[in-house]
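Before any comments, here is the structure.
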There are 2 protein chains.
Amino acid sequence: MSKDRAPTRIQKKNRAAILEAALNVFSSHGFRGATVDQIATEAGLSKPNLLYYFPTKEAIHTALLSGLLETWLAPLHELDANGDPMEEILAYIRRKLEMSRDLPRESRLFANELVQGAPRIQDSLSSDLKILVDEKTAILVGWMDQGKIAQLHPYHLIFSIWALTQHYADFDVQVRAILGDEDPFEGAEPFVDTLYRKLLMP
Amino acid sequence: MSKDRAPTRIQKKNRAAILEAALNVFSSHGFRGATVDQIATEAGLSKPNLLYYFPTKEAIHTALLSGLLETWLAPLHELDANGDPMEEILAYIRRKLEMSRDLPRESRLFANELVQGAPRIQDSLSSDLKILVDEKTAILVGWMDQGKIAQLHPYHLIFSIWALTQHYADFDVQVRAILGDEDPFEGAEPFVDTLYRKLLMP
DNA sequence: CGTGAGTTTGACCAGATGGTCAAATCAAGA
DNA sequence: TCTTGATTTGACCATCTGGTCAAACTCACG
């Protein structure tokens, strides 16, 4: 492996292919359920070749998670203290719901990790995530104190948004088993919109 | 193994110990992440001894899931068409929240299974679960038509209840990383109560 | 071209894991 | 107590899986 040079064309291509394949495999089988061979095959590489780019299975998983954490938290980052309270929150919820629809693999990757006690990202939770949430809940509390939105426990408000939106990605099978052919997001969007309008109305 | 006789004292004790141990292990590591040895040790048995009671790892998992499905759906079963609509629904939500608090392993067992596409219980979802949900959403729609509660998409209403309540068990690590020392359920109970009162108010 | 770095692979290894089996031990009723 | 079926186990096996390695191959560039 090159020491610290700029990545070659081949390196870029293969690293990307590996991470893409790993996202597929890890998100649908969990860390333990995924095999290096499976990821290699899906990436179109041999196992030793894959291990030339990432030293261990763990390293692939870590690279994937840390690379995706930013994407995952982006919607909350965008919550703007200067916007209209109700519209800011509803827009955040809409963005989260879109992520469940467009990036379900990413959602399940994190879900798998969290359900099993987050053995590999616990640190990020109590540092990065905690800090971001505290920053944004402060904004929410400000809006509550100004009477712009209803008084609610800010942390539980955030939890409810995560739970409601990610549910559609993480428990997709169950949702579809109930809904049949109906598109989940068709009904989900107006539902959560209504729910939070009623909840947040001062 | 005895053919079809009534289970002996020892059989009862060991089968129970195995299922209890399996619940611990499967719920915190998923099916693939759990090892038979681990379950055996936790149950106080040797591996071959465990396999004397259940022929395969798969069989333990199946027995566990099907045995627990009933428990899991019980709260919804209790929803009574003849009760007061608002109070019936709020009571259902309270029962679900209590289950997240008191039976988090069971919740995570199902969560693990569902996140990975429910390879082992898909059938139960589209039969048992679907039937129960349809039966109960019919009641909800009845109440909506009578103007007793707000008009909402009944399936998504159910999903929201599942999502909100099970979130506290399934993503416990994350919830605690944010809340710190605060007891999650202390705040969750009034929060969801308020949320659904506002949502369901006609 | 030629060359050295970058890339790929077949063969291989060690440990983990699900499962088997024959033999030993135990329990309870006749 | 004796007998028979129930229970338990040590030893073992095949397979899977993460990871290694030396040798071969390919590419970019002087």
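Bear in mind that the values in this text are calculations on the coordinates, not laboratory data. What you are looking at is a predicted structure, and each value in this text was computed from that prediction instead of being measured. Virtual Cβ from ideal backbone geometry, glycine too; neighbours counted across all protein chains shown.
Give the share of C-alpha pairs in each 5 angstrom bin for chain A, from 0 to the last occupied bin, in whole percents, shortest bins first.
1, 7, 14, 16, 15, 14, 12, 9, 6, 4, 2, 0, 0
Considering Cα pairs under 8 angstrom that are at least six residues apart, work out the relative contact order of the stretch A:1-55 and quote it in whole percent.
Numbers: 29 pairs, mean separation 20.9, N = 55.
Once divided by the residue count of the stretch A:1-55, the mean separation gives 38 percent.
Run the dipole for chain B about the Cα centre, Lys and Arg Cβ at +1, Asp and Glu Cβ at -1, nothing else charged, and hand back the magnitude in debye, nearest 20.
Dipole size: approximately 880 debye.
Name the residues of the stretch B:30-71 whose amide N is less than 20 Å from a point 7 angstrom out from the Cα of B:ILE10 along the C-beta direction?
From the stretch B:30-71, the list is B:40-56.
Most exposed first by the Cβ proxy, i.e. fewest other Cβ within 10 Å, how do B:GLU113, B:GLU20 rank?
B:GLU20, B:GLU113
What does the structure give for A:32-45 when I average, per residue, the other chain Cβ atoms found within 10 Å of the residue Cβ?
1
What 222 nm value per residue comes from the helices of the protein assembly as shown, counting each DSSP H run with n ≥ 4 as -39,500 (n - 2.57) and dividing by all residues, nearest 500 deg cm²/dmol?
Result for the protein assembly as shown, helices only: -24000 deg cm²/dmol.
Looking at A:TYR52, A:GLN146, B:LEU114, which one has the Cα that reaches farthest to the positive end of the dipole of the protein assembly as shown (charges on Cβ: Lys, Arg +1; Asp, Glu -1)?
A:TYR52
Using the Cα atoms as the points, what is the convex hull volume per residue of the protein assembly as shown in Å³?
It is 176 Å³ per residue.
Compute the convex hull volume of the Cα atoms of the stretch A:1-55, divide it by the residue count, and report the result per residue in Å³ as a whole number.
Value for the stretch A:1-55: 75 Å³ per residue.
Below 14 Å, Cα to Cα, which aspartates and glutamates can A:LYS47 reach? Residues fewer than 8 away in the same chain don't count.
Output for A:LYS47: A:ASP37.
In nm to one decimal, list the spacings between the A:ALA6 label point and its equivalents in the other copies, with label points set 7 Å along Cα to Cβ, shortest first.
Spacings between copies for this position, smallest first, are 8.1 nm.
Given the options A:LEU132, A:LEU23, A:LEU109, which has the most mean-square fluctuation in a GNM of chain A, springs set between C-alpha atoms less than 10 angstrom apart?
A:LEU132
Is any helix in chain B, taking whole DSSP H runs, at least 15 angstrom long along its axis by alpha carbon and on average at least -0.5 on the Kyte-Doolittle scale, and which ones? Please report the intermediate quantities before stating the final value.
On the way: long enough: B:9-33 (31 Å, -0.29); B:57-77 (30 Å, 0.49); B:85-102 (25 Å, -0.72); B:104-115 (16 Å, -0.46); B:130-145 (22 Å, 0.52); B:154-170 (24 Å, 0.18); B:184-200 (24 Å, -0.09).
Both cut-offs are met by B:9-33, B:57-77, B:104-115, B:130-145, B:154-170, B:184-200.
Going 7 Å from Cα along the Cα-Cβ axis for the label, what nanometre distances separate A:LEU90 from the same residue across the other copies?
Nearest first, the other copies' label points are 2.6 nm away.
Across peptide A:186-198, how many C-beta atoms of other chains are within 10 Å of each residue C-beta, on average?
Values: counts 1, 6, 5, 1, 3, 8, 3, 0, 6, 8, 2, 2, 9.
Shielding by partners across A:186-198 averages 4.
Rank the residues A:ILE39, A:ILE178 as a footprinting-exposure proxy: fewest other Cβ atoms within 10 Å of their Cβ go first.
Ordered from fewest to most neighbouring Cβ atoms within 10 Å, A:ILE39, A:ILE178 come out as A:ILE178, A:ILE39.
If you put +1 on each Lys and Arg Cβ and -1 on each Asp and Glu Cβ, how big is the dipole of the protein assembly as shown around its Cα centre, in Debye rounded to 20?
For the protein assembly as shown, the charge dipole is close to 1680 debye.
Using a 7 Å offset from Cα along the direction of the beta-carbon, what are the separations from A:GLN151 to the same position in each other copy, nm, ascending?
3.4
Would you kindly work out the equivalent ellipsoid of the stretch A:1-97 from its C-alpha gyration tensor and give its semi-axes, the square roots of five times the eigenvalues, largest first in whole Å? Don't skip to the answer; put the middle values down first.
Details: eigenvalues 240, 56, 20 Å².
Calculated on Cα positions only, the semi-axes equal 35, 17, 10 Å.
Take the Cα gyration tensor of the stretch A:125-202, multiply each eigenvalue by 5, square-root it, and list the three semi-axes largest first, rounded to whole angstrom. Before the final figure, lay out each step's value.
Numbers: eigenvalues 159, 62, 10 Å².
Equivalent ellipsoid of the stretch A:125-202: 28, 18, 7 Å, largest first.
By how many nm would the segment from A:GLU87 to A:ASP134 grow when fully extended, if each residue of separation counts as 0.36 nm and the alpha-carbon distance is taken off?
14.9 nm
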